[in-house]
Structures are given as C-alpha cells and as structure tokens.
1. If we count every other residue with Cβ under 11 angstrom of TRP22's Cβ, Lys/Arg +1 and Asp/Glu -1, where does the sum land?
2. So what's the net charge close to LEU84: Lys and Arg +1, Asp and Glu -1, counting the other residues with Cβ under 13 Å from its Cβ?
3. Give, as a single signed number, the net charge of other residues whose beta carbon lies under 11 Å from the beta carbon of PRO13, with Lys and Arg counted +1 and Asp and Glu -1.
4. How large is ³J(HN,Hα) for each residue in the stretch 83-92, as worked out from phi by the Karplus curve 6.51 cos²θ - 1.76 cosθ + 1.60 (θ = phi - 60°), to whole Hz, x for Gly and Pro?
5. Near the amide H of ALA44, under 5 Å away, which other amide H atoms are found, from residues 5 or more places off or on another chain, if H is placed in the peptide plane?
6. Among 71-78, 18-25, 6-13, 43-50, how do they line up from the highest to the lowest mean number of other beta-carbon atoms within 10 Å?
7. Each residue of the stretch 22-30 in turn: what ³J(HN,Hα) in whole Hz from Karplus with 6.51, -1.76, 1.60 and θ = phi - 60°, glycine and Pro shown as x?
8. 5 Å is the cut-off here: which amide hydrogens, built 1.01 Å from N in the peptide plane, fall below it relative to GLY31, excluding neighbours closer than 5 in sequence?
Amino acid sequence: FWIELKSTEDKFPVLSKFQMAWCYEYQRHGGIVFVLHQTLSQRALKLYRVAGEVDPSSPSSFSRSLVLVYTSPDPVPELAWRQLRMQLVRNSS
C-alpha cells in the first residue's frame, strides 16, 4: 500500500491534480492508497482510504472517494500509533 502524507490547516486533505492522478493509477493497478492528514486547525490526525474510482480531472470526485478509517488527537498518544498501524493492516486487505 501507499500512504500520501498531508499537513494543512484544511479540515479535509487537498491534493494536487498530479497527486490525485498518481493515486488513481496506483489504485487502478491493484494498489491500496491511504491519505494520512494532519489537520492543524483541528489538532487531529486522520487516516483516509481511497475507495472506488478517482477522476483526476475532477477534484470533487477525489473527495468522494475518501473514506475516513481512523482519527486521533494531535499530538498523537503512543497507543494511537499502534491503533493506526492496525487500521492500515486491516484496511489493506
């Protein structure tokens, strides 16, 4: 699997059209893509899985393809890192 890392003030991860296209191609060839987003404004860490098809020409289609699978306060407690790892393994199959 692949993890795209983002750290922004936005409440939702914003990816460039090139990043969306890369995620689409990786997924199209059988890969699993996650977006790990640090939301600075909410002081949270959120893990999304890219699910379904992604249209790189339409940014709104990418947001509809993200499924929130885990969230933790930021800074992340030690136990939360183990839970995050478990979510990655569980959602990679």
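1. Details: positive: LYS17, ARG28; negative: GLU4, GLU25.
It works out to a net charge of 0.
2. Details: positive: LYS46, ARG49, ARG82, ARG85, ARG90; negative: ASP74, GLU78.
Around LEU84, the charge tally is +3.
3. Working: positive: LYS6, LYS11, LYS46; negative: GLU4, ASP10.
In short, +1.
4. 5, 4, 4, 4, 5, 4, 5, 5, 8, 8
5. Under 5 Å from the amide H of ALA44 lie the amide H atoms of THR39, ASP74, each far enough along the sequence or on another chain.
6. On the way: 71-78: 12.5, 18-25: 17.0, 6-13: 14.0, 43-50: 18.9.
Final packing ranking: 43-50, 18-25, 6-13, 71-78.
7. Computed from phi, the couplings for the stretch 22-30 are 5, 4, 4, 5, 4, 5, 4, 9, x Hz.
8. Residues meeting the criterion, in which the H sits 1.01 Å from N, do not exist here.
The values are calculated or read from the model by the stated rules, or taken from the named source; none is laboratory data. Model, not experiment: these values are computed from the prediction. Heads up, the Cβs are rebuilt from the backbone with ideal geometry, glycines too, and the neighbour counts pull from every protein chain shown. With ligands, DNA and RNA removed, areas are computed over all heavy atoms of the protein, side chains included. Shrake-Rupley method; radii C 1.70, N 1.55, O 1.52, S 1.80 Å.
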